[in-house]
Amino acid sequence: MNSASDRNIQEAQREITKIFQGLSREIPIVLFSKPGLNDMFCEYAKQSIRFFRQTTDKIVLREFGLDHEKAKEHKVTQSPTILFDPDNYAIRWLGAPLGEEARLFLEAILLLGERKSGLSDDSKKILKRIDSPRHIKVFISSSCPYCPQQAMNALKAAIEKPKLISVELVDIQANPELAEKYAAQSVPQTYANEILIAKGAQPEELFMLSLEKMEQQTIFIPESDAKEVTTDLLIVGGGPAGLTAGIYAARSGLNTVVVERGVLGGQVATTPVVENYPGLKQVGGKTLVDIMVTHAMEYVQIFPGEEVLEISPGEPLIVKTNRRKFITRSLLLATGATHRKLGIRGEERLSGHGVSYCSTCDGPLFKDKKVILVGGGNSAVTEALHLHNIGVEVTLVHRSNEFRAQRVLIERLSEYGIPVRLNTEVKDIIGDHQVEEVVLYNNQTNETSAVPAEGVFIAIGYDPEVGLAGKAGLVLTPDGFIRNDNYRTNVPGIYVAGDVVGGFKQIVTAAGQGAGAAMVIFEDLMNPFWKQQKKE
């Protein structure tokens, strides 16, 4: 007992004893193992738990074999498996708390001893929105310094919402067959209900958001409880134009906020691949949006999920959303555009039942199925290529005799052997509860044919979002876009940028307009042109 190793163990136990002094509740721990099955990890598990038991009387350990009725009761099949307070929580550990995982075990005991998750208010708000069960699997390793963080996120979620959230921590060294089954060669990896929701460690709030959305999230925007916000510039729209305007305005010294009722990034967020954004040869649309949002958040406050209901022009302008009131010196409408519809029979009725306007969102549901994609521009061809690459049997239909898309995209259609039907229009979408057939009309031969299909993807352009323009008294062009002169509208203090003003519908041009609008707004707030006009 005089060896340096023994002294280190004793010192560690004394420190942990101090840490555990505040525990107010017992923590029942149940260890299941089977002789001859993973003996080394079973022994490690026993030694580790006994080590911690010597530091507090709050840990109550029970041990059973895999053939015991308790194993059947808890559906335990792996050796070793550790259950934590199984009467109150669904938390299990497949492995032994060694190396980096020992820290995780200690932190778990502290939380369970108080039966408090220790989550931030923002994380609790996110979890409150989850109303269906989540079974979380986190693949970890004793040599991974990042694993404890992700595992603790999962444990906190299970402690906060024990009736809906269960957790399984899987040590890949103790369970190589499970690691291979889930292709978890790198850790940490997190699954929820058998769906991969995260690779790598995440901040707490991002983990909870990924758990809610059931896919990996890369940006967390805190919610605000303020009922009234005063600012220099309010930007409506969180697409490339709005986000860029926010960056430029804030860097000019303007107090700036962004309001977005839908998905941040607008149409870019649902674009499969972007290949023409300067500096990024090829990037996923969602990835590009995340980069933009992360950058913008360094300068502006973003209010997601808020819809503008009223705009009252004046000095200042008063803008009311579904959550709060904004008092602002200027307003930029960067509301973008929405998917244009065909306006044919069956389209509305079967929307969401085979009719889709987003290949990124819905494409994976149609793997190995036949679909028709309608359109002839860059977006349509890009989406056809995307669907083909994920295993969808796609046919591209276009009403004209040639595409409007870039040549490089058109050439890829031939390279990939994607069927194309030019001079063809969709006249009807047929199906009782989901798409079954599509009626096609050849406007050259006047022939009509019914083609079997399980889906119809529509990519025929966008209509500008000008609903707020009417509420603000803005003048529109004959084409339905917001009329402007160097980003200024007919109402002093209100500006526009991006797809809502027409022109080239490109990410880079929208961003450029956002930057230009921000600079004009800054100049006008320093020297309001409308006041000068009144004097003259």
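Would you be able to say whether some residue in segment 139-155 is assigned to a strand (DSSP E or B), of a type outside the set (Lys, Arg) and either in contact with a helix residue (DSSP H, G or I) (Cβ under 9 Å, 6 or more places away or on another chain) or surrounded by 24 or more Cβ atoms within 10 Å (Cβ to Cβ) (or both)?
Checking segment 139-155: at least one residue is assigned to a strand (DSSP E or B), of a type outside the set (Lys, Arg) and either in contact with a helix residue (DSSP H, G or I) (Cβ under 9 Å, 6 or more places away or on another chain) or surrounded by 24 or more Cβ atoms within 10 Å (Cβ to Cβ) (or both).
Considering only segment 418-444, how many residues are assigned to a loop (DSSP other than H, G, I, E, B) and either more than 27 Å from HIS353 (Cα to Cα) or of a type in the set (Val, Ile, Thr) (or both)?
Final tally of qualifying residues: 4.
Select from segment 156-193 the residues that are assigned to a loop (DSSP other than H, G, I, E, B) and touching a Pro at 6+ places or on another chain (Cβ under 8 Å) and write down the one among them that is modelled with the lowest pLDDT.
That would be ALA174.
Counting only residues that are among the β-branched types (Val, Ile, Thr) and under 12 Å from VAL30 (Cα atoms), which one in segment 56-69 is surrounded by the fewest Cβ atoms within 10 Å (Cβ to Cβ)?
VAL60
Go through (1) of a type outside the set (A, V, I, L, M, F, W, C); (2) within 12 Å of ILE372 (Cβ to Cβ); (3) surrounded by 12 or more Cβ atoms within 10 Å (Cβ to Cβ) and name the single condition ASN442 misses.
(2)
Out of curiosity, is ARG53 surrounded by fewer than 17 Cβ atoms within 10 Å (Cβ to Cβ), of a type in the set (D, E, K, R) and in contact with a Gly (Cβ under 8 Å, 6 or more places away or on another chain)?
No; evaluated as a whole, the condition is false for this residue.
Out of the residues in segment 273-288 meeting the condition of being in contact with a strand residue (DSSP E or B) (Cβ under 7 Å, 6 or more places away or on another chain) and surrounded by 15 or more Cβ atoms within 10 Å (Cβ to Cβ), tell me which one is farthest from SER359 (Cα to Cα).
TYR277
Please go through segment 292-337 and give me each residue that is surrounded by 19 or more Cβ atoms within 10 Å (Cβ to Cβ) and on the phi > 0 side of the Ramachandran plot, ordered by number.
GLY336
Write out, first by first residue and then by second, each pair whose Cβ atoms fall under 9 Å of each other, whose residues are 6+ apart or on separate chains, and whose first residue, in segment 150-173, is under 14 Å from PRO97 (Cβ atoms) while the second is among the charged types (D, E, K, R) and modelled with pLDDT of 95 or more.
Here the result reads LEU169/ARG92; LEU169/LYS137; VAL170/LYS137, each pair linking segment 150-173 to a residue that is among the charged types (D, E, K, R) and modelled with pLDDT of 95 or more.
Kindly provide the set of residues from segment 445-479 that are modelled with pLDDT of 90 or more, of a type in the set (Gly, Ala, Ser) and part of a loop (DSSP other than H, G, I, E, B), ordered by number.
ALA453, ALA459, GLY473
For a quick check of your reading of the model, give me the residue pairs whose first member lies in segment 362-385 and is in the same structural domain as ARG407 (by TED's automatic domain parsing), whose second is hydroxyl-bearing (Ser, Thr, Tyr) and not in a loop (DSSP other than H, G, I, E, B), with beta-carbon atoms closer than 6 Å and at least 6 apart or on different chains.
ASP362/SER356; ILE372/THR395; GLU383/SER359
Being outside the structural domain of ALA405 (by TED's automatic domain parsing) and among the hydrophobic types (A, V, I, L, M, F, W, C), is that true of even one residue in segment 345-354?
yes
Output the residue which, of all residues in segment 490-511 that are surrounded by 15 or more Cβ atoms within 10 Å (Cβ to Cβ) and either without any contact (Cβ under 8 Å) to a residue 60 or more places away in the chain or not assigned by TED's automatic domain parsing to the domain that holds ILE318 (or both), is nearest to SER252 (Cα to Cα).
Filtering first and then ranking leaves THR509.
Tell me, which strands (runs of 3 or more DSSP E) lie completely within segment 12-98 with 2 or more residues that are in the same structural domain as VAL167 (by TED's automatic domain parsing) and in contact (Cβ under 8 Å) with a residue 40 or more places away in the chain?
27-33, 81-84, 91-94
Looking for whichever is aliphatic (A, V, I, L, M) and under 30 Å from ALA518 (Cα atoms) here; the options are ILE311, ILE344, ILE372. Which one fits?
On inspection, the qualifying residue turns out to be ILE311.
Kindly check whether there is at least one residue in segment 165-188 that is aromatic (Phe, Trp, Tyr) and crowded, with 24+ Cβ neighbours inside 10 Å.
There is no residue in segment 165-188 that is aromatic (Phe, Trp, Tyr) and crowded, with 24+ Cβ neighbours inside 10 Å.
Answer yes if at least one residue in segment 479-494 is under 29 Å from the mean Cα position of the chain (by Cα), within 17 Å of VAL258 (Cα to Cα) and not small (Gly, Ala, Ser), and no otherwise.
No, that holds for no residue.
Name the single residue that is surrounded by the most Cβ atoms within 10 Å (Cβ to Cβ) among those in segment 19-47 being within 17 Å of LEU104 (Cα to Cα) and at pLDDT below 90.
PHE20
For LEU98, indicate whether it is under 20 Å from ALA151 (Cα atoms), surrounded by fewer than 21 Cβ atoms within 10 Å (Cβ to Cβ) and modelled with pLDDT under 90.
For LEU98, the condition - under 20 Å from ALA151 (Cα atoms), surrounded by fewer than 21 Cβ atoms within 10 Å (Cβ to Cβ) and modelled with pLDDT under 90 - is met.
Would you pick out the residues in segment 347-366 that are buried (at least 22 other Cβ atoms within 10 Å of the Cβ) and either among the acidic types (Asp, Glu) or on the phi > 0 side of the Ramachandran plot (or both)?
Within segment 347-366, GLY354 is the sole residue that qualifies.
Pull up segment 241-272, narrow it to residues that are modelled with pLDDT under 95 and not in a loop (DSSP other than H, G, I, E, B), then point me to the one that is surrounded by the most Cβ atoms within 10 Å (Cβ to Cβ).
Filtering segment 241-272 for residues that are modelled with pLDDT under 95 and not in a loop (DSSP other than H, G, I, E, B), the one surrounded by the most Cβ atoms within 10 Å (Cβ to Cβ) comes out as GLY266.
The values are calculated or read from the model by the stated rules, or taken from the named source; none is laboratory data. All figures in this text were calculated on a predicted structure; none of them were measured in a lab. Neighbour counts run over all protein chains shown; Cβ positions are idealised from the backbone, glycine included.
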